[in-house]
Amino acid sequence: MIQGKKVIVVLPAYNAGKTLERTVAAIPRECVDEIVLVDDASHDETVEVARSLALGVLVHPRNRGYGANQKTCYRAALERGADIVVMLHPDYQYDPRLITAMAGMVASGIYGIVLGSRILGSGSAGALAGGMPWWKYVANRALTAFQNLLTGAKLSEYHTGYRAYSAAALREIPFLANSDDFVFDNQLLVQALAADVAIGEISCPTRYEPESSSISFTRSVRYGLGVVATTLAYRAWRWGLATPRFLAFSSGDFVARSSPGAEDPVARQ
């Protein structure tokens, strides 16, 4: 716990068997109450390793996508009574030791969301020094500039997979309406901006190692197009020209509003 608030770390996993143990070993247990891993039908030993580490384990019976994995992660954490939810990739790309700082920023009540930014750091802690491919770095900076221009925000990046949320923030955002693919992350941040949720950032070094997960160039292009579409949809919503489903705040796509007993797309193990 931090300041009396229950902290749950969620790990959206797919073929993370080689890096999971290292990731979990670096998580600061003195402030983390539970660790929950959601496996998206991996083909390796991810589930077996997770069970050997005594993690809470949920398994999708079939591969549903990165966004669908996160939906299950957040629903599971909220069902377990989390006050703060930290989403960490189990591929050891992000440093788990920053969980204390990120969760602490949320626990302060100042921020509803805190991002671990790979862009804020410099020198040996910079994104390129950590092995981020140059084309991903350029795309990250270009897409971030585009989104800041159209949303009016001043974030250093929108594309990090290291995030801490307050339970209240997750309940204010209709994330169940989001994509089941990688653009889920981006849609959630745009939703947070639309809902006026305060977003903070902290510098986070990154590691691009052979075992780290990374989407292909083709999928990266598709993600980039999704980011552009998400941003334009937000601007249209602000101007009152359209109400895309992921920005329909009067809809039923909230965790708190999901129907009692609704089937969750996981097999509890």
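The values are calculated or read from the model by the stated rules, or taken from the named source; none is laboratory data. Note that the structure is a prediction, hence the values are computed from the model and not measured. Note: ideal-geometry Cβ built from the backbone for every residue, glycine included; neighbour counts use all protein chains shown.
Could you check, for segment 209-219, whether at least one of its residues is over 22 Å from V85 (Cβ atoms), modelled with pLDDT under 95 and buried (at least 17 other Cβ atoms within 10 Å of the Cβ)?
Within segment 209-219, one or more residues are over 22 Å from V85 (Cβ atoms), modelled with pLDDT under 95 and buried (at least 17 other Cβ atoms within 10 Å of the Cβ).
Please determine whether any residue of segment 178-185 is part of a loop (DSSP other than H, G, I, E, B), touching a Leu at 6+ places or on another chain (Cβ under 7 Å), touching a residue at least 40 places away in the same chain (Cβ under 8 Å) and not polar (S, T, N, Q). I'd like the intermediate steps shown before the answer.
Taking segment 178-185 as the starting set, the residues that turn out to be part of a loop (DSSP other than H, G, I, E, B) are 178-183.
From the residues that got through so far, the ones that are touching a Leu at 6+ places or on another chain (Cβ under 7 Å) too are 178.
Now drop any that are not touching a residue at least 40 places away in the same chain (Cβ under 8 Å), which leaves 178.
From what's left, not polar (S, T, N, Q): none.
No, segment 178-185 contains no residue that is part of a loop (DSSP other than H, G, I, E, B), touching a Leu at 6+ places or on another chain (Cβ under 7 Å), touching a residue at least 40 places away in the same chain (Cβ under 8 Å) and not polar (S, T, N, Q).
Select, from L170, L155, the only residue that is farther than 25 Å from G4 by Cα and either of a type in the set (A, V, I, L, M, F, W, C) or touching a Phe, Trp or Tyr at 6+ places or on another chain (Cβ under 6 Å) (or both).
Unique residue meeting the criteria: L155.
Quick check: anything in segment 4-26 aliphatic (A, V, I, L, M) and surrounded by fewer than 19 Cβ atoms within 10 Å (Cβ to Cβ)?
Looking only at segment 4-26, we keep the residues that are aliphatic (A, V, I, L, M), and these are 7-11, 13, 16, 20, 24-26.
Then keep just the ones that are surrounded by fewer than 19 Cβ atoms within 10 Å (Cβ to Cβ); that gives 25-26.
Among the residues of segment 4-26, at least one is aliphatic (A, V, I, L, M) and surrounded by fewer than 19 Cβ atoms within 10 Å (Cβ to Cβ), which makes the answer yes.
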- If you go through segment 88-129 one residue at a time, how many are modelled with pLDDT of 95 or more and part of a helix (DSSP H, G or I)? 12
- Condition set among the aromatic types (F, W, Y) and not in a helix (DSSP H, G or I), scope segment 130-172, selection surrounded by the most Cβ atoms within 10 Å (Cβ to Cβ): answer is Y165
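Within segment 186-208, work out how many residues are β-branched (V, I, T) and either part of a strand (DSSP E or B) or at pLDDT below 95 (or both). Before the answer, list the steps.
Initial filter on segment 186-208 (β-branched (V, I, T)): 190, 197, 199, 202, 206.
Now restrict to residues that are either part of a strand (DSSP E or B) or at pLDDT below 95 (or both): 199, 202, 206.
The qualifying residues number 3.
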- Message: Among the residues in segment 59-81, are any out of contact with any strand residue (DSSP E or B) (no Cβ under 7 Å at 6 or more places or on another chain), among the aliphatic types (A, V, I, L, M) and crowded, with 18+ Cβ neighbours inside 10 Å?
- Response: yes
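In contact (Cβ under 8 Å) with a residue 12 or more places away in the chain, within 25 Å of Y223 (Cα to Cα) and either in a loop (DSSP other than H, G, I, E, B) or within 16 Å of the chain's Cα centre (by Cα) (or both), is that true of A41?
On the way: in contact (Cβ under 8 Å) with a residue 12 or more places away in the chain: yes; within 25 Å of Y223 (Cα to Cα): yes; either in a loop (DSSP other than H, G, I, E, B) or within 16 Å of the chain's Cα centre (by Cα) (or both): yes.
Criteria met by A41.
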- Message: Going by what's in this entry, would R64 be described as modelled with pLDDT of 95 or more, more than 24 Å from V32 (Cβ to Cβ), more than 14 Å from the chain's Cα centre (by Cα) and not polar (S, T, N, Q)?
- Response: yes
- Residues of segment 10-38 satisfying the condition of being among the small types (G, A, S) and assigned to a helix (DSSP H, G or I): A25
